[in-house]
Amino acid sequence: MSRSLRTEAIVLRSIRYGEADRILHLYTPAYGRLSAIAKGVRRARSRFGARLEPFFHIHLILHEGRGELHTVTGVDTVTAHARLREHAATIDAAARACDAVARLFETPDPHPEVFRLLANELKLLDLDVAHARPATGLAFRLKLLLAAGIVPQLGSCAGCGESEHLQGFSAAAGGVVCASCEAAAFPLGQESHTFLVGALGRPLAQAPEASELALAQAERAISETAEHHAHVRLRPLVGRG
């Protein structure tokens, strides 16, 4: 039996379909990632207007059919994030944040903390273009790894438990490694290690500053962790054109 489903959602992606429809990829607090079709939304007189564009935070009514694709029957805007759309840097950062969520959390399993984290990231990008810096994006991704249960070990060597001389990173080992355990690791400088610890422990809005080299090493640690443990390849952030 079909039923109606009411939920908050953030639009991760909106794809043109047919003559006037759109296929939506959504992230919700209680139902994880969902897909839906918005019929006739591209027509001039559509009652949904432009409220189903990427990055919109909305209240939705969905008709749940037999398959995985729901049908949008009602929409109210919570936050449009209009200022976010005024700068190429914030649009790009928002798109990469939504893409990371879509790749790491692709099932209907509920992760309300991921929904809140993404809503916070979009809110920060809407408030100030300065939050489009790579450091904030990497802090966001590191917190996603925490929510996914694959955050790397940072306090001691993932190989032997040593708490000093941590100078490498191994995704296979599960985090930072010491000089004795770094055979299959890549070098991780002290500044990069400090950044990772600070980014994980601080609120997203307070992501620490770091040099481009340190951020590049931190990004490699995050990306290799996602690839090794979740089989997900994240789009690059640091040094992009």
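The values are calculated or read from the model by the stated rules, or taken from the named source; none is laboratory data. Keep in mind that what you see is a predicted model, and the values were worked out from it rather than measured. As a convention, Cβ positions derive from the backbone with ideal geometry for all residues, glycine included, and neighbour counts pool all protein chains shown.
Points worth noting:
- Failed condition for Thr225, given (1) under 26 Å from Cys98 (Cα atoms); (2) crowded, with 17+ Cβ neighbours inside 10 Å; (3) without any contact (Cβ under 8 Å) to a residue 40 or more places away in the chain; (4) polar (S, T, N, Q): (3)
- Pairing residues of segment 31-44 that are closer than 21 Å to Phe115 by Cα with residues that are aromatic (Phe, Trp, Tyr) and assigned to a loop (DSSP other than H, G, I, E, B), at Cβ distances under 7 Å and at least 6 apart in sequence or on separate chains, gives Gly32/Phe105; Arg33/Phe105.
Results for (1) in the same structural domain as Ala171 (by TED's automatic domain parsing); (2) under 25 Å from Arg103 (Cα atoms); (3) assigned to a helix (DSSP H, G or I), shown as yes or no for each residue.
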| position | (1), (2), (3) |
| --- | --- |
| Ala184 | yes, no, no |
| Glu191 | yes, no, yes |
| Phe195 | yes, yes, yes |
| Ala205 | yes, yes, yes |
| Leu213 | yes, no, yes |
| Arg235 | no, yes, no |
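- Filtering segment 155-172 to residues that are surrounded by 23 or more Cβ atoms within 10 Å (Cβ to Cβ) and under 24 Å from the mean Cα position of the chain (by Cα) leaves Phe169, Ser170.
- When residues in segment 215-233 are screened for being part of a loop (DSSP other than H, G, I, E, B) and either among the charged types (D, E, K, R) or in contact with a Cys (Cβ under 7 Å, 6 or more places away or on another chain) (or both), 1 of them pass.
- Complete set of residues in segment 173-182 that are within 21 Å of Leu142 (Cα to Cα) and assigned to a loop (DSSP other than H, G, I, E, B): Ala173, Gly174
- Selection within segment 173-185 - within 30 Å of Glu113 (Cβ to Cβ), buried (at least 19 other Cβ atoms within 10 Å of the Cβ) and of a type outside the set (Val, Ile, Thr): Ala173, Gly175, Ala185
- Glu106 meets each of the listed conditions (1) surrounded by fewer than 16 Cβ atoms within 10 Å (Cβ to Cβ); (2) charged (D, E, K, R); (3) modelled with pLDDT of 95 or more apart from (3).
- When segment 134-154 is filtered for residues that are in contact (Cβ under 8 Å) with a residue 40 or more places away in the chain and over 12 Å from the mean Cα position of the chain (by Cα), the ones remaining, listed by number, are Pro134, Ala135, Ile150, Val151, Pro152, Leu154.
- Here segment 1-53 is the region considered, the condition is being among the hydroxyl-bearing types (Ser, Thr, Tyr) and within 19 Å of Thr79 (Cα to Cα), and the residue that is nearest to the chain's Cα centre (by Cα) is Tyr27.
- When Ile61 is tested against (1) without any contact (Cβ under 8 Å) to a residue 24 or more places away in the chain; (2) touching a strand residue (DSSP E or B) at 6+ places or on another chain (Cβ under 7 Å), just one condition goes unmet, and that condition is (1).
- Segment 186-212, residues that are crowded, with 22+ Cβ neighbours inside 10 Å and touching a strand residue (DSSP E or B) at 6+ places or on another chain (Cβ under 7 Å): Leu188
- Of the residues contained in segment 138-154, none is found to be assigned to a loop (DSSP other than H, G, I, E, B), surrounded by fewer than 20 Cβ atoms within 10 Å (Cβ to Cβ) and at pLDDT below 95.
- Scan segment 157-172 for residues that are touching an Asp or Glu at 6+ places or on another chain (Cβ under 9 Å), closer than 26 Å to Leu117 by Cβ and part of a loop (DSSP other than H, G, I, E, B) and the total you get is 1.
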